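The values are calculated or read from the model by the stated rules, or taken from the named source; none is laboratory data. Worth saying up front: this structure is predicted, and the values here are computed from it rather than measured. All Cβ positions, glycine included, derive from the backbone under ideal geometry; neighbour counts span all protein chains shown. Just the protein is used for accessible areas: all its heavy atoms, side chains included, with ligands, DNA and RNA removed. Shrake-Rupley method; radii C 1.70, N 1.55, O 1.52, S 1.80 Å.
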Amino acid sequence: AAPTMETIYKREPEFPVVPQAISGRRHRYAYTVGAHKEYETLPNGKGKGANGSILKIDAKDPAQTEAYAFLPHEFVGEQVFCPKVGADVTQPGNEDKGYLVTFVEDRRDLTTDMVVFDVEGKGALEKGPLARIRMPVWIPPGLHGTFVEGLTFDA
């Protein structure tokens with residue numbers, strides 16, 4: 001039988017990511033960007049919110065989905081999931097043992113910050129970023145990235 005589609009969250013999730021080690025497998029959480037707040041879909045099927053939040057969507061229990069919204073003039077880019085050192089995200093109960101890293105663009109002054117969120121456990125995302133670091137230049141939206149374990153660059 002073909003899978004059925006079900007809407008579990010109305011914050012216009014986009015750019016979903018899961019830990020690479022469980023990509024293509026059944027998983028509980030998906031991390032996405034979303035609108036600053038929940039919106040109803042317009043009659044033409046289009047949404048009406050800009051990417052102003054990060055979501056931790058709980059597919060097992062959608063009522064437990066978490067969101068962190070940035071300020072109305074701030075817009076978030078696609079995030080990358082980075083497992084915590086020593087975490088095996090393939091093991092039951094460990095899927096969310098990691099960090100989300102992304103960029104936040106401030107459209108008032110054209111600045112960009114890199115933000116890091118701990119997403120392990122209930123309510124962790126909603127506490128806000130662990131770190132918010134101003135980038136030396138404005139990074140316009142559209143930059144995609146990935147996390148490669150053990151890869152570093154010399155400055």
Looking at (1) in a loop (DSSP other than H, G, I, E, B); (2) at pLDDT 90 or above; (3) not acidic (Asp, Glu), find the lone condition where LYS46 falls short. (2)
Residue among LEU55, LEU130, LEU71, LEU125 that is surrounded by fewer than 18 Cβ atoms within 10 Å (Cβ to Cβ) and farther than 22 Å from GLY150 by Cβ: LEU71
Among (1) in a loop (DSSP other than H, G, I, E, B); (2) at pLDDT 90 or above; (3) closer than 19 Å to PRO72 by Cβ, the one test that ARG132 misses: (1)
Of residues in the stretch 71-84 being assigned to a loop (DSSP other than H, G, I, E, B) and modelled with pLDDT under 95, the one nearest to MET135 (Cα to Cα): GLY77
Residue list for the stretch 96-122, restricted to those being open to solvent by less than 30 Å² (accessible area, probe 1.4 Å) and in contact (Cβ under 8 Å) with a residue 40 or more places away in the chain: ASP96, GLY98, LEU100, THR102, PHE117, VAL119
Go through the stretch 51-87 and give me each residue that's within 13 Å of GLY34 (Cβ to Cβ) and aromatic (Phe, Trp, Tyr). TYR68, PHE70, PHE75
Hits in the stretch 65-95 - residues which are within 17 Å of ASN51 (Cβ to Cβ), polar (S, T, N, Q) and free of Cβ contacts under 8 Å to residues at least 40 places away in the same chain: none
